[in-house]
1. For Leu347, work out the one condition from (1) within 16 Å of ligand 2 (Cβ to nearest atom); (2) surrounded by fewer than 24 Cβ atoms within 10 Å (Cβ to Cβ); (3) assigned to a helix (DSSP H, G or I); (4) not β-branched (Val, Ile, Thr) it doesn't fulfil.
2. Please name all residue pairs, on different chains or six or more residues apart, with Cβ atoms under 6 Å, provided the first residue is in the stretch 188-203 and is assigned to a loop (DSSP other than H, G, I, E, B) and the second residue is among the β-branched types (Val, Ile, Thr) and surrounded by fewer than 18 Cβ atoms within 10 Å (Cβ to Cβ).
3. Considering only residues of the stretch 419-437 that are outside any strand (DSSP E or B), in contact with a helix residue (DSSP H, G or I) (Cβ under 9 Å, 6 or more places away or on another chain) and among the hydrophobic types (A, V, I, L, M, F, W, C), which is nearest to ligand 2 (Cβ to nearest atom)?
4. Just a yes or no: is a residue in the stretch 246-262 out of contact with any strand residue (DSSP E or B) (no Cβ under 7 Å at 6 or more places or on another chain) and at positive phi?
5. List pairs: first residue in the stretch 446-461 and more than 14 Å from Arg394 (Cα to Cα) and in the same structural domain as Gly328 (by TED's automatic domain parsing), second residue at pLDDT below 95 and not polar (S, T, N, Q) anywhere in the structure, Cβ distance under 7 angstrom, at least six positions apart or on different chains.
6. Scanning the stretch 443-484 for residues that are of a type in the set (Phe, Trp, Tyr) and over 26 Å from the mean Cα position of the chain (by Cα), which turns out nearest to Ser44 (Cα to Cα)?
7. Suppose we keep only residues that are buried (at least 21 other Cβ atoms within 10 Å of the Cβ) and near ligand 1 (Cβ under 8 Å from one of its atoms) within the stretch 358-379. Which one would you say is nearest to Ala172 (Cα to Cα)?
Amino acid sequence: MAPSARRRRVLSVASECAPLIKTGGLADVVGALPAALAELGWHSRVLIPAYPSVRARAGRSRRVWRTDDLFGGPAAVRSCSVGGLDLLLLDAPHLFDRPGGPYSVDGHDHPDNHVRFAALSWAAARIALDGLSDRWRPDLVHAHDWQAGLVPSYLNYAGSDMPTVMTIHNIAFQGIFGPDDLDRLRLPTWDHHPDALEYHGLVSALKAGMVHASRVTTVSRTYAEQLATAEFGFGLEGVVAARTARGEMTGIVNGIDTAVWGPSTDPHVVGYDADSPARKADNRSALLREFDLDDPDGPLAVVVTRLTHQKGVDLLLEALPHFIASGGAVAVLGSGEPDYEHWLRELSARFPRSVGVRIGYDEPLSHRMYAGADLVVVPSRFEPCGLTQLYGLRYGSLPLVSSTGGLRDTVADAVPAAMANSTATGFVFSDISARGLADAFDRATSLYADGEAWAQVRDRAMREHVDWAASARQYGDLFEELVR
Ligand code: ADP
Ligand code: GLC
């Protein structure tokens, strides 16, 4: 970039952003991409709701936008910086000043979530159209998931030609609401038809974004292909196929923030790296102690996940007794569906020295688990990208994953050919069932018994390029093409 050239500006819009507010991988991506894009000459500001916990962590801020009525109450946008991230916080107490997480309280979704995030999208669109009071106006808007899905639509209905990129992190969540709310959300009822806002008689915020954005992306190549099929498209496969046919849909695999996730600099772990992996063993011993487990003959597996059907928790519950019987041990950290929480606790009661379970959300513990493990297990039924297998690679804890979405794209299975040419980085199973998972556990257990072979795969895994550099370049190229 020539020194005199103005940096390009992107407004990134999302419901979560690490380290301020996180329920899953979306936050990690939204929080990490700005630094990687900055290297390429793009200045990002990230617009998220000012949930109480976000306000508490944000510190000093200044007001850069306001309105008297944002769907039922006054609202302002406040600008601040946290750890190098330039944030815009949408302060709208009638929508966001509530206890609980970003979407729910005590396990119940807020009934007005579609209004809350339509408001976020409306504010984003106004910022894109009019700019902020500090004279910042974006060259492009990057909308993440259904919560930002209406940004391209609002811009479209306002007649704007501002380029927009809609990134799908998970098509299973679509932001569905009834057409009666269109008026109230300042959306045109005349566009409630199958080529625009309509979805099976209702409205889908995600579909709206997929129809109206200049481009659509998702978070891995395989998931981009899968989305065009009825099995994975959740009813939106037609929209995906149409945009793909026009060359307007791409898969860009996620990276990880190596400043936060790296075994040599991580403050939560005993430091090690690919050149001196020996002290990884200290983390393993500490993790066994922390979960009160015996030192197993076989590998120590960890699972860090939302406990949902997507993540294959039922397959795990069924396959674990076999893994334990063959010498393995497992530590699980997760929260989600009460049934899964219950069955995991039961399993741990049955095998107290081999199965450790923590129900809850614990970021520092997750770091200690990635560092202490031999295996990071991800048996998902579908997985747009997945980040925990990438943390596994980075920490030399071999990913054992189902062959779907980004899991397939980021892990190289330890089949004989890959062992022979030293490209293997983990274990991938295609029969996504308890049986398939148990077989993969068997393969991992056998390889683990061969210390030298295991060390070879671990070394390769730790040297994989899992940072954001390559993928940020793909976003950068796409953004350049759109603003040119
Ligand atoms: P998803 O976004 O679908 O949940 P990802 O693999 O992309 O899946 O990202 C999950 C992120 O959330 C990772 O950073 C993982 O470490 C974190 N995570 C999931 N569950 C927990 C938990 N119970 N405690 C701490 N971190 C968790
Ligand atoms: C979603 C997906 C996950 C992906 C994350 C970040 O939560 O379920 O696979 O890694 O978004 O893109």
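1. Only one criterion in (1) within 16 Å of ligand 2 (Cβ to nearest atom); (2) surrounded by fewer than 24 Cβ atoms within 10 Å (Cβ to Cβ); (3) assigned to a helix (DSSP H, G or I); (4) not β-branched (Val, Ile, Thr) is unmet by Leu347, namely (1).
2. Matching pairs, first to second residue: none at all.
3. Ile432
4. Within the stretch 246-262, one or more residues are out of contact with any strand residue (DSSP E or B) (no Cβ under 7 Å at 6 or more places or on another chain) and at positive phi.
5. Short answer, once both residue conditions are applied: none.
6. The selected residue is Trp454.
7. Among those that are buried (at least 21 other Cβ atoms within 10 Å of the Cβ) and near ligand 1 (Cβ under 8 Å from one of its atoms), it is Val378.
This table checks each residue for (1) of a type in the set (Asp, Glu); (2) assigned to a loop (DSSP other than H, G, I, E, B); (3) touching a residue at least 12 places away in the same chain (Cβ under 8 Å).
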{"site": "Pro267", "(1), (2), (3)": "no, yes, no"}
{"site": "Arg284", "(1), (2), (3)": "no, no, yes"}
{"site": "Leu287", "(1), (2), (3)": "no, no, yes"}
{"site": "Val303", "(1), (2), (3)": "no, no, yes"}
{"site": "Arg306", "(1), (2), (3)": "no, no, yes"}
{"site": "His309", "(1), (2), (3)": "no, yes, yes"}
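The values are calculated or read from the model by the stated rules, or taken from the named source; none is laboratory data. Since this is a predicted model, take the numbers as computed values, not measurements. In this analysis, Cβ positions are derived from the backbone assuming ideal geometry, glycine residues included, and neighbour counts consider all displayed protein chains.
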